[in-house]
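Step one of this worksheet: look at the structure below.
The values are calculated or read from the model by the stated rules, or taken from the named source; none is laboratory data. The structure presented is a predicted model; accordingly, all values stated were derived computationally and were not measured. Counting neighbours? That spans all protein chains shown, and the Cβs are built from the backbone with ideal geometry, glycine included. Note: accessible area is taken over every heavy atom of the protein model, side chains too, but ligands, DNA and RNA are not part of it. Shrake-Rupley method; radii C 1.70, N 1.55, O 1.52, S 1.80 Å.
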Amino acid sequence: MLNFEFYNPTRIIFGENTIARLDELVPAQAKVLVVYGGNSAKAFGTIGEVTKALGQRKYVEFGGVEANPDYLTLLKAVDAIKEHELDYILAVGGGSVIDGVKFIAAASQFAGEDKWAILEGAPISQALPFGVVLTIPATGSEMNSGAVISYRERGLKRSFASPLVFPKFSILDPSKTLTLPERQTMNGVVDSFVHIVEQYATKQTGAAVTDEFAEGLLRVLLQVGPELKANPNSVQARSDLMWAATNALNGLLRLGEVGDWSVHAIGHQLTALYGIDHARTLAIVLPGVWQYKLEAKQAKLAQMARKVFGLEGDDERELALATIAKTEEFFHSLGVGTRLSDYDLDVQAVVAVVANLEKIGATALGEDKDIDLVASTKILTSRL
Ligand code: NZQ
Ligand code: ZN
């Protein structure tokens, strides 16, 4: 097992009817920017519940954060903070709103004129405090310190991370996810699944505790995905998905392990260029990365075949291949396409994604840093 350090200060409040707890969680004197997405949080009454819980506190609403939050929209929120002299932020939504808020929190305190520099690695030394009301389980952003921001005008999607942008708290009310369209629920299952395997399906480091956590969470997802497809109103299954998604990317699963993250790096460029839902880009790329790295990942993929899919056998390579096939089958059963052609893309997309990877310097990806541009081309070509 590799050495590690673990730090996660986010307070989690899990359960139905917990939004009223905002009154104790948000400081009494706070002046709050309430940030939400397109329309769902407003239309389904969550914003109403949130503003009611804020009571006498001063607040300003900022709606319209896109799925895959756009840099230019977020700059308007930074302006709103300055204009109204606000000092606290509430994110009401999913990964897009939460990531957007992480950026707003950092950018509003960032001295440089060009705030995009934050996405290019410029250090941040301060950020406004913020809390979260989660409405879609998928990204784990509610309990981690990373954010992914799109810049549509430039066709880019990039990430940043800082311990300064851990949420102070996150309210996880599974009943708030009952209004999700099936497509978004299934995206959440797939994104969580891929977060787990990007940290697990790499090398055998002997991190037995973390491996068991990962395998258990994967089994939960294999169960709740089909359950929610058949019965989207099950609060029990919604609860399990919500907590699984949070644990999939709150730092626990990287402890003692080696991360891959090439699937995300390549997938982000498919979203940047073609607007494909984040989770769906992962479903396309993952089987390609696993095939390409079959030898290096064989031991872990075979372990996954045994511990997650319950398969038996002595042939490690056969078991690893079975994991790839079973995973793709699982995504298909959720209605998620795993080929570029499922999204009407052809070889032009391969060329464009690889050009983007070059532009942002993503030329040595994966746990062995050996996925260069030629490898990315091969991986994407295998997914046509
Ligand atoms: O915009 P509205 O109208 O609110 O609709 C949203 C949105 O269209 C809808 N939705 C959310 N909650 C709902 C609901 N509809 C009905 N009922 C509800 N309760 O769902 C749509 C998708 O929301 P979004 O926030 O975009 O989804 P998700 O949570 O999957 O976030 C995706 C973003 O997070 C980034 C992705 O790259 C992408 O930009 N990620 C962030 C990570 C992180 N910070 O750690 C890691 C991930 O790998 C990922 O990259
Ligand atoms: Zn993801």
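Structure values in brief
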| read-out | value |
| --- | --- |
| Evaluation of residue 52 against (1) open to solvent by 30 Å² or more (accessible area, probe 1.4 Å); (2) of a type in the set (Lys, Arg); (3) part of a loop (DSSP other than H, G, I, E, B) (one fails), failing number | (3) |
| Criterion (in a helix (DSSP H, G or I), within 16 Å of ligand 2 (Cβ to nearest atom) and not polar (S, T, N, Q)) met by exactly one of 157, 102 | 102 |
| Scope the range 256-281; condition under 16 Å from residue 153 (Cα atoms) and either open to solvent by 30 Å² or more (accessible area, probe 1.4 Å) or away from ligand 2 (no atom under 13 Å from the Cβ) (or both); matching residues | 269, 272, 273, 274, 275 |
| Test result for residue 229, open to solvent by 10 Å² or more (accessible area, probe 1.4 Å), more than 11 Å from ligand 1 (Cβ to nearest atom), basic (Lys, Arg) and under 22 Å from residue 332 (Cβ atoms) | yes |
| Any hit, the range 138-154, residues being open to solvent by 10 Å² or more (accessible area, probe 1.4 Å), basic (Lys, Arg), over 26 Å from residue 28 (Cβ atoms) and touching a residue at least 60 places away in the same chain (Cβ under 8 Å) | yes |
| Matching residues in the range 122-135 - criterion: being closer than 26 Å to residue 53 by Cβ, touching an Asp or Glu at 6+ places or on another chain (Cβ under 9 Å) and away from ligand 2 (no atom under 16 Å from the Cβ) | 128, 129, 132, 133, 135 |
| Residues of the range 105-116 classified as touching a residue at least 12 places away in the same chain (Cβ under 8 Å) and not in a helix (DSSP H, G or I), total | 3 |
| Scan of the range 341-357 for residues that are free of Cβ contacts under 8 Å to residues at least 60 places away in the same chain and either in a helix (DSSP H, G or I) or farther than 17 Å from residue 378 by Cβ (or both), ordered by number | 341, 342, 344, 347, 348, 350, 351, 354, 355 |
| Residue in the range 197-213 that is touching a residue at least 12 places away in the same chain (Cβ under 8 Å), within 11 Å of ligand 1 (Cβ to nearest atom) and among the hydroxyl-bearing types (Ser, Thr, Tyr) present | no |
| Residue selected from the range 68-96 under the condition among the acidic types (Asp, Glu) and on the phi < 0 side of the Ramachandran plot, by the criterion surrounded by the fewest Cβ atoms within 10 Å (Cβ to Cβ) | 83 |
| Verdict on residue 249 being within 13 Å of ligand 1 (Cβ to nearest atom) and within 21 Å of residue 300 (Cα to Cα) | yes |
| Residue identified as away from ligand 2 (no atom under 16 Å from the Cβ), more than 19 Å from residue 245 (Cα to Cα), modelled with pLDDT of 95 or more and part of a strand (DSSP E or B) among 74, 119, 90 | 90 |
| Of the criteria (1) among the small types (Gly, Ala, Ser); (2) more than 16 Å from ligand 2 (Cβ to nearest atom); (3) open to solvent by less than 10 Å² (accessible area, probe 1.4 Å), which one residue 341 fails | (3) |
| Candidate set: the range 268-285, residues that are within 8 Å of ligand 1 (Cβ to nearest atom) and of a type outside the set (A, V, I, L, M); chosen: the one nearest to the chain's Cα centre (by Cα) | 278 |
| Members of the range 10-49 found to be open to solvent by less than 70 Å² (accessible area, probe 1.4 Å), more than 12 Å from ligand 1 (Cβ to nearest atom) and not in a loop (DSSP other than H, G, I, E, B), listed by number | 12, 13, 19, 22, 25, 32, 33, 34, 48 |
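Residue-wise test of (1) in a helix (DSSP H, G or I); (2) in contact with a strand residue (DSSP E or B) (Cβ under 8 Å, 6 or more places away or on another chain); (3) more than 16 Å from ligand 2 (Cβ to nearest atom); (4) acidic (Asp, Glu).
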{"residue": "283", "(1), (2), (3), (4)": "yes, no, no, no"}
{"residue": "299", "(1), (2), (3), (4)": "yes, no, yes, no"}
{"residue": "323", "(1), (2), (3), (4)": "yes, no, yes, no"}
{"residue": "337", "(1), (2), (3), (4)": "no, no, yes, no"}
